[in-house]
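Written out below as structure tokens is the structure these notes cover.
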Amino acid sequence: MTKKILEERGLFWWHEDPVPANQFAPDSCIVGTLSIEENGATYLELDGYFASSEGGPMAGIAAQGQQFPLEKAIQGKLKASGRNVLLLGLRRRGGRFSSNGISHEGFAASHCLVTDRAFPPAKRPLRFNALDVELTGLEEWLRLGNIEVKRTRQRISAKHRVPRADIHELDDGTLTMRYDITGPWPSKFAHRMDKLNLVESVNLCVKLKRARTLLEMRDEYARLQELFILLTGTTFSLEWPRLIIGKMAYHYYYEGFERSTKAPTWDECWINYIQVKSNFGSIVTALRRKREEFGPGFYLYLGIRRGMKMYVEHRFVNLIWGLESLHRRKNKDKAKESKLDAKIQRILAQISGSDDKRWLKGQLKHAGEPSLKERLMDVLSALPLGFERKRMEAFCKSCADRRNDMSHFGGQREGSDYREFMIDLVRKSEALACLYHAVLLHEIGVDATLIKAALLENGPNASRSKYAFREVGLLPVGKGDGHILDG
């Protein structure tokens, strides 16, 4: 059964409907039930229909699935909590027309804002100047541990001082890590209790120089989520963010991927906060810029880290497509200077017929481009991992050959065993995933020594990545190398 973040009854109306003085809702409001799923999908089922709806009570049937402009919003007042909600990115969903019963309509929303405060008037577009997220679940990545506990036979004491906030400069604002601790309320008097629970916490806040739209803030939050995928090496989902307008905070939910609540442990994390604390701001800035610059070169990898199940073949080709795209985007402005290019020009110069020359030029248009093996080699050999060149070349060639087999033969070549083919793909994919992950960390400015340590030296997961590299020949197989991926 799908978990719900919120399910509550309330009154709902079109956001542009004027609210009379001394009322919290207009006379046009309709009773309904709002529910927000764990993945951010938001649904509203009304007990009636909006009188101003085009098509009246039949709109739910005649216009099922109708999409509304983003700014066309439904506002609501929830009954039990008293909170205010704003639904945007609407489409019709459900509803019923009845000539001798109750006609009603329903909506799905791509975006939902929830607050105890008021919303700006409908005529004023939403513009946000900050975003904050509680980093609950990331305590081990943060390496928190500032509570000092001392115990003797007859006494136990706990001491804690809240650390100063870490302020990181971004290209268009600041990112602040603000520390806190939950415990008994402050008082000058001593408390007597039979239990004491102290929990450190950190809040991440991005303040922007320029106010952003709702969609821009969604992208800002998505970049943070991708950053933590790369740094932790897990699919853990951040808490839902709060969007800020001045002193007003709005809890923000939007429809997206299924969310993972399994918090990363210290030994799962590729790179922890302490290791990148000194240049954290520049890493965040680089991720935003390069995610935009390289497009699929980044998101084709991040897309397979969303916890979705994929066929082995699909995962492998996604990794190859992503690395190939990254190479193309990084080298698109470089002039091709090669012996092959010169040979092509000599051949074209010898053809007199304009039609023949045009045809041949089209056929040879991409002949001077690097092969897939060369593209993989260029991207992966730039990593500071110290693999033997011959081993890396052999690995890149075998990956390119396998991708070509899948593209031109639909999978394995005729006569080969499918089980062996699948095992080979799994091994290649494991090694490629480790290398691709390292490439992106390197691109966003994580120190090369940290990447090498995480993959090949004393990193908590180094044994796993080294095993993957041995399986594909990037590292020699030594005595006593365990098969830690088996089973």
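The values are calculated or read from the model by the stated rules, or taken from the named source; none is laboratory data. In this text, all values refer to a predicted model and were calculated from it rather than measured experimentally. Glycine gets a Cβ as well: all are built from the backbone with ideal geometry, and neighbour counts include every protein chain shown.
Checked against the criterion of being of a type in the set (Lys, Arg), surrounded by fewer than 16 Cβ atoms within 10 Å (Cβ to Cβ) and modelled with pLDDT under 95, the range 252-272 contains one or more residues that satisfy it. Inspect the range 158-180 for any residue being loosely packed, with under 11 Cβ neighbours inside 10 Å, of a type outside the set (Lys, Arg) and within 30 Å of the chain's Cα centre (by Cα) and give the result as yes or no. No, because not a single residue in the range 158-180 is loosely packed, with under 11 Cβ neighbours inside 10 Å, of a type outside the set (Lys, Arg) and within 30 Å of the chain's Cα centre (by Cα). Selection of the range 65-81 for residues being surrounded by 15 or more Cβ atoms within 10 Å (Cβ to Cβ) and of a type outside the set (S, T, N, Q) yields Phe68, Leu70, Lys72, Ala73, Ile74, Gly76, Lys77, Leu78.
Here Gly76 meets each of (1) modelled with pLDDT under 90; (2) part of a strand (DSSP E or B); (3) not charged (D, E, K, R) with one exception, condition (1).
Of the helices (runs of 4 or more DSSP H) lying entirely inside the range 381-468, those carrying at least 3 residues that are in contact (Cβ under 8 Å) with a residue 60 or more places away in the chain and under 27 Å from the mean Cα position of the chain (by Cα) are 418-443, 448-456.
You will find that of Arg151, Arg143, the residue that is more than 26 Å from Tyr221 (Cα to Cα) and out of contact with any His (no Cβ under 8 Å at 6 or more places or on another chain) is Arg151 and no other.
Would you confirm whether any residue within the range 126-134 is more than 30 Å from Glu16 (Cβ to Cβ) and out of contact with any Lys or Arg (no Cβ under 7 Å at 6 or more places or on another chain)? Yes, the range 126-134 contains at least one residue that is more than 30 Å from Glu16 (Cβ to Cβ) and out of contact with any Lys or Arg (no Cβ under 7 Å at 6 or more places or on another chain).
Matching residues to (1) closer than 15 Å to Tyr253 by Cβ; (2) outside the structural domain of Arg242 (by TED's automatic domain parsing):
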{"residue": "Gly106", "(1), (2)": "no, yes"}
{"residue": "Ser110", "(1), (2)": "yes, yes"}
{"residue": "Val133", "(1), (2)": "yes, no"}
{"residue": "Leu138", "(1), (2)": "no, no"}
{"residue": "Trp141", "(1), (2)": "no, no"}
{"residue": "Ile147", "(1), (2)": "no, no"}
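Could you count how many residues in the range 306-327 are out of contact with any Lys or Arg (no Cβ under 8 Å at 6 or more places or on another chain), part of a helix (DSSP H, G or I) and either touching a residue at least 60 places away in the same chain (Cβ under 8 Å) or more than 18 Å from Lys428 (Cα to Cα) (or both)? So the count comes out to 7.
Taken over the range 1-33, the criterion of being of a type in the set (Asp, Glu) and part of a loop (DSSP other than H, G, I, E, B) is satisfied by Glu16, Asp17, Asp27. The criterion of at least 1 residues that are over 24 Å from Val276 (Cβ atoms) and in contact (Cβ under 8 Å) with a residue 12 or more places away in the chain is met, among strands (runs of 3 or more DSSP E) falling completely within the range 120-175, by 128-134, 147-151, 156-160.
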